[in-house]
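Before any comments, here is the structure.
Only the coordinates and a few stated rules stand behind these numbers; no lab work does. Note that this is a predicted model, so its numbers are computed, not measured. Methodologically, a virtual Cβ is constructed for each residue, glycine included, from the backbone with ideal geometry; neighbour enumeration extends over all protein chains shown.
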Amino acid sequence: MSQEQLNKLKIAIEKGKELRTRALSRKEILEQQEKELLEEIRKMGVDPDRMEEEIAKLEAEKERLLKEIEGLIPFDLIK
């Protein structure tokens with residue numbers, strides 16, 4: 001193996017180490033953000049494992065309220 005090949009390998013290894021370090025730092029930041037978001041969700045009284053259900057419930061409530069509002073508007077008088 002030539003010196004040039006060894007140098008290329010050393011550079012590749014160093015770049016790999018740098019990428020790994022950056023990835024680990026990013027992972028740590030994202031894990032902290034996830035922890036904060038889950039905490040915020042719990043403070044709102046929602047179980048994070050039931051988020052999908054809560055979203056569906058809120059969307060259904062929104063639709064119900066929109067229909068109720070439409071029913072209260074006298075469209076026949078507005079024409």
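Some values worked out for this structure:
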quantity	calculated
Structure-derived Cα Rg over 2.2 N^0.38 Å - corresponding label in [x] 1.32; [y] 1.24; [z] 2.38	[z]
Chain lengthening between Lys27 and Gln5 when straightened (0.36 nm per residue, less Cα-Cα)	4.7 nm
Ellipticity estimate at 222 nm from DSSP helix runs (n ≥ 4, -39,500 (n - 2.57)) divided over the chain, nearest 500	-29500 deg cm²/dmol
Lys/Arg +1, Asp/Glu -1 at C-beta; the chain dipole; positive extreme among Gln5, Leu19, Ala56	Gln5
